[in-house]
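What follows is a set of notes on a single structure, which appears directly below.
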There are 2 protein chains.
Amino acid sequence: MVTVNENYLKLRGSYLFSEIGRRVNTFAAEHPDKKVIRLGIGDVTQPLAPAIIKALHEAVDEMGAAETFRGYAPDLGYEFLRKTISEQDYKARGCQIEADEIFVSDGAKSDSGNIQEIFGADNRIAVCDPVYPVYVDTNVMAGRTGSFDEEKGLWSDVIYMPCTAQNGFAPELPAKTPDLIYLCFPNNPTGAVVTKAVLQEWVDYANKNGAVIIYDAAYEAYISEDNIPHSIYECEGARECAIELHSFSKNAGFTGLRLGYTVIPKDLKRQGVMLHSLWARRHGTKYNGAPYIVQRAGEAVYSEEGKKQVTAQVAAYMKNASYILDGLKAAGYTVSGGVNAPYIWMKTPDGMDSWEFFDHLLKTANVVGTPGAGFGPSGEGYFRLTAFGKYEDTVEAIERIKRM
Amino acid sequence: MVTVNENYLKLRGSYLFSEIGRRVNTFAAEHPDKKVIRLGIGDVTQPLAPAIIKALHEAVDEMGAAETFRGYAPDLGYEFLRKTISEQDYKARGCQIEADEIFVSDGAKSDSGNIQEIFGADNRIAVCDPVYPVYVDTNVMAGRTGSFDEEKGLWSDVIYMPCTAQNGFAPELPAKTPDLIYLCFPNNPTGAVVTKAVLQEWVDYANKNGAVIIYDAAYEAYISEDNIPHSIYECEGARECAIELHSFSKNAGFTGLRLGYTVIPKDLKRQGVMLHSLWARRHGTKYNGAPYIVQRAGEAVYSEEGKKQVTAQVAAYMKNASYILDGLKAAGYTVSGGVNAPYIWMKTPDGMDSWEFFDHLLKTANVVGTPGAGFGPSGEGYFRLTAFGKYEDTVEAIERIKRM
């Protein structure tokens, strides 16, 4: 008699964005006359840049001709893309990451969910609180998190690192020593960043304790200030303790195209085993490579034209971020983020909890955001707005909030 | 201190197709004048059909315009594709599979590797021997297979179902009762099929024992004879015990485009839990949907033009299969498969073992095939040739083998 993976049954009933979708759909059905503006889920709205579209068309034509047709891609990614990433995202910044240390995939969500598989079931994970739900949920599925305390909203075997106004939404080194440390900077959901000096402390801490840092750099393209590291490999010793995840979703609008990559330096070993080999084996066994046409699209992001175009897209989103930040500040709200990240983290007003504020904002201003509590208990009393909307919608949303 | 997933360390050193690649590359480097013909790995060679190319170009254009741009796809697949699959692959055959029982993915390799995750660690799996290596390897990674017996080439906790000349390469009901049963028809690597009556016995057996069948139908499009089921849901009671995997790789040449789907009927429950819900949760948490443009390409496979074109492609490959089958028979070899499948399974001559024959064929005829032993101990003494080559190459390969 088959048994099911009982860890799945421990997962919280409704996924955050499903619950948001449900509430928004109910409201929209009851008020068909209202124009709802969605600044909730982190999905982009600008179309793919012309250089990317051109590369896609060219690659599609190649797939239609016998001489240029491509079948199975190399499991770990085409050399043309891995080499470009190595040169432009790493070597140009002084980070020694080689092409064969880069694993191309269908996105950072898959990679951030799957990476835990190469580690033993007995490892203790540490996460920021609030946090992107995928890091925790995939460890729940793997049985690493113990039992859930409904009262506190915490898993018994997870080490939480609260990110609050007191610490500027940057985690402190945890009291208990973790084995796997998930860090995401610029942060989703708070939009916080850390300086290179602070990140170096984490690298040193991991190396001292034999821990591994899973560093999610999905929002790296939004960094606008100096001295904020774009990659953890800017820190000394990171090749011995860090895995870095990248996405093409937010810097180049690939949310619907799916492309990402993970870096595992060959110097990263535990129990005498290169983690690089384990991940290569996982990719080879459970994955069959990202589509050729999408990898060509990824390459186009790094072309001269492509770089100009995606930089302009990011700038447009950051114009939204500034508008939200300034508008909310002017209206008397307490806000942070939005300078090096496309997320604005606001304190809910009048002691409302974050779901109350969600409902209030939806009903009064017809604006959708994300309740901070959905990201963890320390997110309670906060609310996330994204800069990925259209400019005119963003302006209107802020005007409506100001009038509330 | 981080520990690694030690189950990974139990995996056999070199993956079958890596070892083949290594030997072929060595030979090619030593004999640059020889034209090596590859009938080894099951990769297609015909370009994507015109209807698919057209759909891709149109979808790419949509992604380049603000009004038609699509961001995140629905986790489980676009409705337009799920509905088309439900109608054309199932309802048209009298199988009641609804659109919301279909999960679109990046391919059957990923799905066949990931599906085991929703089951408990204590389940006993049964596989055919020989078998597609992904089924076993992913269960090794999950710790379900016990220890490896180097002598016998078998895992201690796996139930093997030998597929030999004696049973027509069709497995018999196993003596020990398994929990999860992997079946693949038309079969990779043997090219064998089972009748609907025989498949019904498996469904009845699974229902009687509370087992779940994971039915890999990746080669369904190659069935040419009547009374061979195209889907396990043609059998009564399969909605209560079977998961079915499909690929667009072999029927429509998507090996480099990546698209597949998995069916989990809502009637399939164990311990009171719908497996459908577990897989939906996995998809939602660890996956972010197949690219919009690729899903539109998948839809085009079912258009009137698309169907004509991909049917012609399959017919071209089956012309190769017939040529191989007839040619080898005429040359005195013992062969099977190749009638309802793109794979020809031949007995190695003169008592050679399958790697010996591999080397012999490579050196003497400069033809690459796949040693049967790579698929399991019962594959020893056999050799797989694929029909996915170009026609003229296939003809030349067979002429060379005849001359050996």
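Brief remarks on what is shown
- Some residue of segment A:129-136 being over 17 Å from A:L11 (Cβ atoms) and modelled with pLDDT of 95 or more: yes
- Restricting segment B:50-67 to residues that are more than 26 Å from the chain's Cα centre (by Cα) and more than 8 Å from chain A (Cβ to nearest Cβ), the residue that is farthest from B:S303 (Cα to Cα): B:E67
- Screening segment A:219-250 for residues that are part of a loop (DSSP other than H, G, I, E, B) and of a type in the set (D, E) and picking the one that is modelled with the lowest pLDDT gives A:D226.
- Residue within segment B:79-93 that is basic (K, R), within 9 Å of chain A (Cβ to nearest Cβ) and part of a helix (DSSP H, G or I) present: no
Let's see how each residue does on (1) touching a residue at least 60 places away in the same chain (Cβ under 8 Å); (2) closer than 30 Å to A:K286 by Cα:
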position	(1), (2)
A:D106	yes, yes
A:D129	yes, no
A:T138	no, yes
A:L173	no, no
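- Selection of segment B:313-341 for residues being more than 14 Å from every other protein chain (Cβ to nearest Cβ), of a type outside the set (S, T, Y) and within 22 Å of B:S249 (Cα to Cα) yields B:V314, B:A315, B:M318, B:K319, B:N320, B:A321, B:I324, B:G337, B:G338, B:V339, B:N340, B:A341.
- Selection count, segment A:251-274, where residues are touching a residue at least 24 places away in the same chain (Cβ under 8 Å) and at the interface with another protein chain (Cβ under 7 Å from one of its Cβ atoms): 4
- The conditions of being surrounded by fewer than 24 Cβ atoms within 10 Å (Cβ to Cβ) and touching a Lys or Arg at 6+ places or on another chain (Cβ under 7 Å) are met by B:P377.
- Hey, B:T262 under 20 Å from the mean Cα position of the chain (by Cα), closer than 30 Å to B:L48 by Cβ and of a type in the set (V, I, T) or not: yes
- Residue within segment B:122-139 that is of a type in the set (A, V, I, L, M) and over 19 Å from the mean Cα position of the chain (by Cα) present: no
- As a summary of the residue check, B:T68 satisfies the conditions (1) farther than 30 Å from B:D137 by Cα; (2) hydroxyl-bearing (S, T, Y); (3) at pLDDT below 95 except for the one numbered (3).
- Output for segment A:280-299, where each listed residue is farther than 27 Å from A:I52 by Cβ and either acidic (D, E) or more than 7 Å from chain B (Cβ to nearest Cβ) (or both): A:A280, A:R282
- The residue list B:I20, B:I37 contains one member that is under 30 Å from B:A373 (Cα atoms), among the hydrophobic types (A, V, I, L, M, F, W, C), away from chain A (no Cβ under 14 Å) and in contact with a strand residue (DSSP E or B) (Cβ under 9 Å, 6 or more places away or on another chain), which is B:I37.
- Count of segment A:58-78 residues which are within 16 Å of B:F254 (Cα to Cα) and part of a helix (DSSP H, G or I): 5
- Filtering segment A:366-397 to residues that are touching a residue at least 60 places away in the same chain (Cβ under 8 Å), part of a helix (DSSP H, G or I) and more than 18 Å from A:G42 (Cβ to Cβ) leaves A:P377, A:S378, A:V395, A:E396.
- Scanning segment B:117-143 for residues that are more than 9 Å from chain A (Cβ to nearest Cβ) and acidic (D, E) yields a single hit, B:D129.
- Looking only at segment A:97-116, and only at residues there that are over 18 Å from the mean Cα position of the chain (by Cα) and either under 23 Å from B:M1 (Cβ atoms) or part of a helix (DSSP H, G or I) (or both), the one that is nearest to the other protein chains (Cβ to nearest Cβ): A:D100
- Residues of segment A:188-210 classified as part of a loop (DSSP other than H, G, I, E, B) and surrounded by fewer than 24 Cβ atoms within 10 Å (Cβ to Cβ), total: 3
- Residues that are surrounded by fewer than 19 Cβ atoms within 10 Å (Cβ to Cβ) and among the basic types (K, R) within segment A:76-95 comprise A:K83, A:K91, A:R93, listed in sequence order.
- Within segment B:165-187, the set of residues being closer than 13 Å to B:P130 by Cβ, in a loop (DSSP other than H, G, I, E, B) and within 19 Å of the chain's Cα centre (by Cα) comprises B:F169, B:A170, B:P171, B:N187.
- Some residue of segment B:20-40 being hydrophobic (A, V, I, L, M, F, W, C) and free of Cβ contacts under 8 Å to residues at least 60 places away in the same chain: yes
- Check on B:G306, crowded, with 21+ Cβ neighbours inside 10 Å, more than 7 Å from chain A (Cβ to nearest Cβ), small (G, A, S) and within 21 Å of A:K286 (Cβ to Cβ): no
The values are calculated or read from the model by the stated rules, or taken from the named source; none is laboratory data. Note that the coordinates shown come from a computational prediction; the quantities given were computed from them, not determined experimentally. Backbone-built Cβ (ideal geometry, glycine too); neighbour counts: all protein chains shown.
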